[in-house]
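Read-outs: derived from the displayed coordinates by stated rules, not from any lab. Nothing here was measured: the structure is a model prediction, and the numbers come from that model. Positions of Cβ are generated from backbone atoms using ideal geometry, with glycine treated the same way; all protein chains shown enter the neighbour counts.
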């Protein structure tokens with residue numbers, strides 16, 4: 001298990017033995033059961049995660065209802081950045097909706113890593129730019145689309161999600177009721 | 001004008017004379033007239049911007065209609081990250097909706113800066129984390145709210161925008177028609 005993280009990082013950076021050890025010391029890999037909660041509303045987020053295997057859901061509780069706003073799968077980062085950086089209470093939840101294997105990035109350990117492996121900062125900046133760019137697209141898509149086009153977009157861009165995620169989470173993510181999602185699916189099937 | 005950028009950067013980093021020169025050589029400050037287009041759909045974005053003064057609007061053209069998805073004001077970064085990083089055509093526009101003074105970050109010049117002033121990368125990573133965190137909140141808010149709560153949220157968090165931005169752009173940003181925005185405003189005023 002110990003070498004898993006340096007194998008992962010080696011996909012992006014060439015590491016000396018010393019640097020590989022720094023990663024192994026600072027970024028443990030842990031397993032979580034389906035249903036485990038990684039972060040609760042009101043908690044300060046001390047850890048961020050990188051998904052090696054599994055699926056994590058982000059949701060809010062609004063007037064008693066769970067509202068799903070994101071799913072994170074393999075090779076994606078799970079972070080509540082405002083809470084993680086400013087040490088403020090999170091206003092949402094992270095839940096493992098499958099058994100998960102996650103690389104755990106603790107805030108203090110990450111600062112240590114920036115010192116021990118300066119090029120890790122370049123990797124962070126670049127992966128952040130990329131994830132930020134993806135999110136810019138996502139928010140623009142959400143603002144400029146309706147639930148049906150959003151669903152078609154998911155079909156095209158993230159077909160894996162449609163297989164992995166329960167329908168009621170998916171409906172919540174699309175901002176509609178499960179019945180409306182069923183209607184959209186039927187309409188699209190009958191058009192084929 | 002030449003020292004403007006090093007004064008700006010000095011708010012975040014302590015600079016040697018040599019580093020200040022690097023910034024002045026790599027990040028020019030330019031002025032733009034209200035109505036100028038910084039980026040068009042179909043163009044590859046070679047430049048990102050940091051707003052020193054003014055307001056920039058991001059919009060899409062969807063089925064012939066302009067759909068506004070963001071406003072950027074003082075101390076905010078304006079970047080079409082997917083296009084800027086991957087050299088792919090942008091799918092949206094950036095327009096100055098006031099006379100603007102912007103720091104211009106050219107992609108190639110920025111790579112040069114990372115070499116000449118390594119701590120600039122730390123600044124970029126941290127400001128990116130912060131902007132990314134803000135955007136995570138924004139997208140979650142958008143997904144979990146309706147136009148009226150979105151408007152109230154703007155009133156509370158970005159009251160300056162309501163003063164600066166034409167009503168029809170604001171309505172588009174909220175995802176509603178200008179008539180609906182008028183109704184929301186009337187309803188909120190009569191509640192007071």
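Overview of values
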| quantity | calculated |
| --- | --- |
| Residue check, residue B:40 free of Cβ contacts under 8 Å to residues at least 60 places away in the same chain and out of contact with any helix residue (DSSP H, G or I) (no Cβ under 9 Å at 6 or more places or on another chain) | yes |
| Every residue from segment B:52-74 that is in contact (Cβ under 8 Å) with a residue 40 or more places away in the chain, closer than 14 Å to residue B:39 by Cβ and within 9 Å of the chain's Cα centre (by Cα) | B:56, B:57, B:70 |
| Elements of type helices (runs of 4 or more DSSP H) in segment A:1-94, at least 1 residues being under 20 Å from residue A:135 (Cβ atoms) | A:81-86 |
| Residue in segment B:50-67 that is farthest from residue B:5 (Cα to Cα), counting only those that are in contact with a helix residue (DSSP H, G or I) (Cβ under 8 Å, 6 or more places away or on another chain) and more than 14 Å from chain A (Cβ to nearest Cβ) | B:55 |
| Subset of segment B:81-104 that is free of Cβ contacts under 8 Å to residues at least 60 places away in the same chain and more than 11 Å from every other protein chain (Cβ to nearest Cβ) - its residue that is farthest from residue B:28 (Cα to Cα) | B:89 |
| Members of segment B:119-129 found to be more than 7 Å from chain A (Cβ to nearest Cβ) and touching a helix residue (DSSP H, G or I) at 6+ places or on another chain (Cβ under 9 Å), listed by number | B:119, B:120, B:123, B:126 |
| Subset of segment A:142-183 (residues that are within 12 Å of chain B (Cβ to nearest Cβ) and assigned to a loop (DSSP other than H, G, I, E, B)) | A:145, A:146, A:175, A:176 |
